[in-house]
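Heads up, the thing below is written out as C-alpha cells.
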Amino acid sequence: MIKMILIIPHIEVHNANALSSSFTIGFPAMTAWLGAVHALQRKLNSDGLSNLKFNAIGVVSHKADLQVHKGVGDYVNSIIGTSNPVDKDGKRPAFIEEARIHLDISLVIEFSELHKRDEEKLLERVAYHLKSRMKIAGGDIFKLRKPFIERVEDEEEDDIARVRRKLMPGYAIVERRDLMMEAMDRGLDAMDALLEYVTINHSCEKDDEDKVLWTSKRKTAGWIVPIATGFQAISGLGKAKNQRDPDVPHRFAESVVTLGEFIMPYKIESLDEILWHYNADKKHGLYLCEQNKNR
C-alpha cells in the first residue's frame, strides 16, 4: 500500500508548553502535536484543498531545551520563568510559573492522495500558515525548512530507508503501553507501574581493593519517558456556560499518561511504528492519541 507522506523538517518552536499533563513536565503531549496538525488541516481545507485529510502524524525531535535550572548543590531543577513588566509602583506583578521548552522537530504527516497541482499548492500553503499564522504546542514558530512530499510503499525497504535518512539525526516518540500492561499484570497500580520504569536505581559494591563502585540503571533499556496521550472523561456530556463551541457537548476530563520511548528513526521498519492517529472511545469516555501499529 502506498502512503502519501508530507514531511515538514526542522521546525524551530520557541516557548512550547512543557507541562504535558497535570503531573509531568517535558516533551509536549501528543494531543498538542495532533491538535496543531488538525488545525493546519482545517486552514488548508479553507484554502480550497477541501478533500485534504491528514490521517496520522509522527513527531521526530532533533533538539529539546527544557527551560529549567539546577544550581550547584541543588537537589531538584527549578523552572526558568519569564518576567512580567513592572507595575506602576516599579514592582514585578505576581505570575503563574509556566514550564517552557524550545524545540527543533520534524513532522511526518500521512495524508489523503491529491492531484499533482494540489500537491504543489499544499506545500506552498503549509509553509505560509506555519510561518505566519500558527503556534505549535503553544509555542512560537521561528523557522522551518522547505516541506516536501514522499510516496512510500510501506513494505518497500528502499522507501523506508529514504525517509529514515531524511529524519536523522533525531528521536521519534513511540508508545510503550506494553511496559505498563506488563507491570499492571503483576499487580502494580498505574502510577507504580509508570514509576517502576522511569526511576533510576543507584547501587554500590566494593571491589577486591575495598574501593566503592557505584552503578545507576533503569529497569529496562531505552529512553523511556512518561507521555500524555489523551483524556479520560470524569463527567457526563452536557453544556457549560460560555463554552467555546455551543453546538458541541461539553464534559470535564483528566489527562491519560502512559509510557513512551524516544527511538532513532534508523530502527524503524515501517512508518506505522512512529505514526499516531486519533481514537475516540465514547462508550468508555476515552479520547486518545494512539499509534497506527496498535490498530
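The values are calculated or read from the model by the stated rules, or taken from the named source; none is laboratory data. Quick caveat: nothing in here was measured; it's all calculated off a predicted structure. Note that each Cβ is placed from the backbone with ideal geometry, even for glycine, and that neighbours are counted across all protein chains shown.
Between a residue in the range 101-119 that is modelled with pLDDT under 85 and any residue that is part of a strand (DSSP E or B), which pairs come within a Cβ distance under 6 Å, given they are 6 or more apart or on different chains?
113/4
Check off (1) over 26 Å from residue 25 (Cβ atoms); (2) free of Cβ contacts under 8 Å to residues at least 24 places away in the same chain; (3) of a type outside the set (Val, Ile, Thr) for residue 269 and give me the number that stays unchecked.
Here residue 269 clears every test but (2).
Only one residue in 155, 150, 113 is in contact with a helix residue (DSSP H, G or I) (Cβ under 8 Å, 6 or more places away or on another chain), closer than 30 Å to residue 270 by Cβ, among the acidic types (Asp, Glu) and not in a helix (DSSP H, G or I), so which one is that? Show your work before the answer.
Values: 155 fails: in contact with a helix residue (DSSP H, G or I) (Cβ under 8 Å, 6 or more places away or on another chain); 113 fails: in contact with a helix residue (DSSP H, G or I) (Cβ under 8 Å, 6 or more places away or on another chain).
That would be 150, the only listed residue that is in contact with a helix residue (DSSP H, G or I) (Cβ under 8 Å, 6 or more places away or on another chain), closer than 30 Å to residue 270 by Cβ, among the acidic types (Asp, Glu) and not in a helix (DSSP H, G or I).
Among the residues that make up the range 147-162, is at least one of them touching a Lys or Arg at 6+ places or on another chain (Cβ under 6 Å) and either farther than 25 Å from residue 33 by Cβ or among the aliphatic types (A, V, I, L, M) (or both)?
Yes - at least one qualifying residue is present in the range 147-162.
Run down 128, 171 and say which single residue is aromatic (Phe, Trp, Tyr), in contact with a Phe, Trp or Tyr (Cβ under 8 Å, 6 or more places away or on another chain) and either surrounded by fewer than 19 Cβ atoms within 10 Å (Cβ to Cβ) or more than 21 Å from residue 230 (Cβ to Cβ) (or both).
Working: 128 fails: in contact with a Phe, Trp or Tyr (Cβ under 8 Å, 6 or more places away or on another chain).
The unique qualifying residue is 171.
What residue, of 52, 40, is in a loop (DSSP other than H, G, I, E, B) and either among the hydroxyl-bearing types (Ser, Thr, Tyr) or in contact with a helix residue (DSSP H, G or I) (Cβ under 7 Å, 6 or more places away or on another chain) (or both)?
Sole residue among the options that is in a loop (DSSP other than H, G, I, E, B) and either among the hydroxyl-bearing types (Ser, Thr, Tyr) or in contact with a helix residue (DSSP H, G or I) (Cβ under 7 Å, 6 or more places away or on another chain) (or both): 52.
Among strands (runs of 3 or more DSSP E) lying entirely in the range 197-251, which contain 3 or more residues that are more than 19 Å from residue 283 (Cα to Cα) and over 22 Å from the mean Cα position of the chain (by Cα)?
201-206, 212-217
Can you find even one residue in the range 12-26 that is crowded, with 21+ Cβ neighbours inside 10 Å, modelled with pLDDT of 95 or more and touching a helix residue (DSSP H, G or I) at 6+ places or on another chain (Cβ under 9 Å)?
Within the range 12-26 (the criterion being crowded, with 21+ Cβ neighbours inside 10 Å, modelled with pLDDT of 95 or more and touching a helix residue (DSSP H, G or I) at 6+ places or on another chain (Cβ under 9 Å)), the answer is no, since none of the residues qualifies.
Can you tell me which residue among 284, 250 is without any contact (Cβ under 8 Å) to a residue 40 or more places away in the chain and either surrounded by 13 or more Cβ atoms within 10 Å (Cβ to Cβ) or closer than 18 Å to residue 224 by Cβ (or both)? Before the answer, list the steps.
Details: 284 fails: either surrounded by 13 or more Cβ atoms within 10 Å (Cβ to Cβ) or closer than 18 Å to residue 224 by Cβ (or both).
Matching residue, one of 284, 250: 250.
Being among the polar types (S, T, N, Q) and in contact with a strand residue (DSSP E or B) (Cβ under 9 Å, 6 or more places away or on another chain), is that true of even one residue in the range 196-210?
yes
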